[in-house]
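Below is one structure, written out as structure tokens; the observations come after it.
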Amino acid sequence: MEGNDPKKIIEEVKKKMSKAVEVTKKEFQNIRTGRASIALVEGIQVDYYNTPTPLKGLANISTPDAKTIAIHPWDPSVINEIERAILKSGLGLTPINDGKIVRMQIPPLTAERREELTKLVKKVAEEGRVSVRNARHEAIEYVKKLEKAKTMPEDISHTSQKEIQKVTDSFIAQIDEALKHKETEIHEI
């Protein structure tokens, strides 16, 4: 952090917290539930002429129904590489290749797997909250340092600290909301 303008400090802390929320939501997308989602596979790296390429750059990915992911490669010669990349991805999905389209059926979740996923999403959410709190801590320490160095008046320092806390609460609430949504998704199917 730099400068002693409270607005700039708060904007900077908002950017850091926003990034933490974004990362947390992205992590949630990568956690497989019982519902088909293109987010599960679009980032898989496929060896395309010896160049690792994200699957979404090689094919049209769709979900024809709640339990199926369909991948239509633009270049049919890469279909076997797509299949290999999915098997290596560790998603636990078995691709079915008919020569033109790769399909995957999303298996239903067992009660035990639902509990494991619930623990995992709670852990991801907590990591997100910790990142937000670290940004808060860094900003508040910076404001206190400015106050101590007499480059920021005491009343502005206290107001800034309260504002930083409000911003923190708002970003924590966003993570909690995303967690609640993901838990509902895990247990509804």
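Out of K119, K162, which single residue is more than 22 Å from the chain's Cα centre (by Cα) and among the basic types (K, R)?
K162
Working only within segment 45-60, note down all residues that are under 13 Å from V102 (Cβ atoms) and surrounded by fewer than 19 Cβ atoms within 10 Å (Cβ to Cβ).
Within segment 45-60, N60 is the sole residue that qualifies.
To keep it simple, each residue is scored yes or no on (1) at negative phi; (2) of a type in the set (V, I, T); (3) in contact with a Phe, Trp or Tyr (Cβ under 9 Å, 6 or more places away or on another chain); (4) modelled with pLDDT of 90 or more.
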{"position": "K7", "(1), (2), (3), (4)": "yes, no, no, no"}
{"position": "I44", "(1), (2), (3), (4)": "yes, yes, no, no"}
{"position": "P52", "(1), (2), (3), (4)": "yes, no, no, yes"}
{"position": "K67", "(1), (2), (3), (4)": "yes, no, no, no"}
{"position": "N80", "(1), (2), (3), (4)": "yes, no, no, yes"}
{"position": "E83", "(1), (2), (3), (4)": "yes, no, no, yes"}
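Just to be sure I understand, how many residues within segment 1-41 are in a helix (DSSP H, G or I) and under 21 Å from G128 (Cα atoms)?
Going through segment 1-41 one residue at a time, the tally reaches 23.
Scan segment 156-178 residue by residue and report those that are touching a residue at least 60 places away in the same chain (Cβ under 8 Å) and under 25 Å from L120 (Cβ atoms).
Once the filter is applied, which keeps residues that are touching a residue at least 60 places away in the same chain (Cβ under 8 Å) and under 25 Å from L120 (Cβ atoms), segment 156-178 yields T168, F171, Q174, I175, A178.
Say whether the condition of being exposed (fewer than 13 other Cβ atoms within 10 Å of the Cβ), touching a Gly at 6+ places or on another chain (Cβ under 7 Å) and farther than 11 Å from T168 by Cα is met by at least one residue in segment 106-125.
The answer is yes; a qualifying residue exists.
Go through segment 135-160 and give me each residue that's under 25 Å from E22 (Cβ atoms) and either hydrophobic (A, V, I, L, M, F, W, C) or open to solvent by less than 90 Å² (accessible area, probe 1.4 Å) (or both).
A135, R136, E138, A139, I140, E141, Y142, V143, S160, listed by residue number.
So is A39 loosely packed, with under 14 Cβ neighbours inside 10 Å and out of contact with any strand residue (DSSP E or B) (no Cβ under 9 Å at 6 or more places or on another chain) or not?
no
Restricting attention to segment 91-144, report how many residues are touching a residue at least 24 places away in the same chain (Cβ under 8 Å) and hydroxyl-bearing (S, T, Y).
3
Any idea how many residues of segment 124-149 are under 20 Å from A39 (Cα atoms) and not β-branched (V, I, T)?
Here the count works out to 2.
Considering segment 121-163 alone, what residues qualify as being over 20 Å from E11 (Cβ atoms), among the hydrophobic types (A, V, I, L, M, F, W, C) and at pLDDT 95 or above?
Scanning segment 121-163 gives A125, V130.
The values are calculated or read from the model by the stated rules, or taken from the named source; none is laboratory data. Because the structure is a prediction, the values reported are computed rather than measured. FYI the Cβ positions are ideal-geometry reconstructions off the backbone, even for glycines, and counts take in every protein chain you see. In case anyone asks, the SASA skips ligands and DNA or RNA and just uses the protein heavy atoms, side chains included. Shrake-Rupley method; radii C 1.70, N 1.55, O 1.52, S 1.80 Å.
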